[in-house]
Amino acid sequence: MNTQDLKFFDPEEVFELNPDMKVQIFNVKDNYPVVLIDDVYKNPDMVREVALSTPVPQKTFFSAKRGQLYNFFDNWDTCKTLSKVLIEGLKLDTCLPDKVEVLDNGEKLFAFNVFEPKNFPSPPESYVPPHSDTSIIASVLYLNKDDETPIGTGIYQHIPSGLILYPQHDMHFEWICQQDNISPTDYIDKIIKYDKTASQHQNKDDAIYHGSSQARGESTYTVKGNSEWKLLYESPGTFNQICSYVGGTFHSPLINNTQFSSANFNRINQVIFWDYMDGK
């Protein structure tokens, strides 16, 4: 490679929002909104190209490779516009501190996950269990083209405890008590029940707990639910669609191993973790 092979791009252009994006809100079990936005980026092919062509330090996230580029997602208009839509759609405005109207994508991080066929050798190591995130809001933006069989995201309820959200942020706890109209003491009791169940399933090979349908002898990785987990919502996962939820919500990619029969197929998505801006 020489200097003439260098590729440059304008972040403002790559991450420019589509003014005609379509916003929908789905209420899971009445109190748990999911914001689904179609046609998010004006130039989604550029975003996909950046994710697929930029060499980045690799982290491992369950069965995926995660690329993380800091000081990269540098489009303040995009962050400001999207976060305002999400705060309103997820009913977070009453829980945020005074004067906090916008959340930030910390450290201007452009993060994306790539699930590759070679990383899915056999169950149960090859699925992502329902889990929760530490950010105020978590978003998944799908970058697989429609002819690649899109893979969406599932939202789950832990059946023994009744939990749909495991709080990992102070704001999660305040929000869920408000949404469920439940006292902090009663919600803590549900958390304790979940933790006791989780402690009985420390072995990652316990596929029933983690939700792998392979535990029932099925030939798919799609987590449709079992005795521990109930699937409540599935996002379509179509190209240039973003699915957002309060970060503590239990979720998992809906992976079907038949989609990984081709060595040329990868599941690729951008992930955005929204939190307070620096200094807040």
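Observations on the structure shown:
- Here r is the Cβ-Cβ distance between residue 24 and residue 196 and R0 is 41 Å; the resulting FRET efficiency, rounded to 0.05, is 0.65.
- For residue 18, the amide hydrogen comes within under 5 Å of the amide hydrogens of 41, 42, counting only partners 5 or more places away or on other chains and with H modelled in the peptide plane.
- Nearest-0.05 FRET efficiency for residue 9 and residue 186, computed from C-beta distance (R0 45 Å): 0.35
Every number here is computed from the coordinates shown, using simple stated rules; none is lab data. Worth saying up front: this structure is predicted, and the values here are computed from it rather than measured. Here the Cβ is made from the backbone with ideal geometry for all residues, glycine too, and neighbour counts use every protein chain on show.
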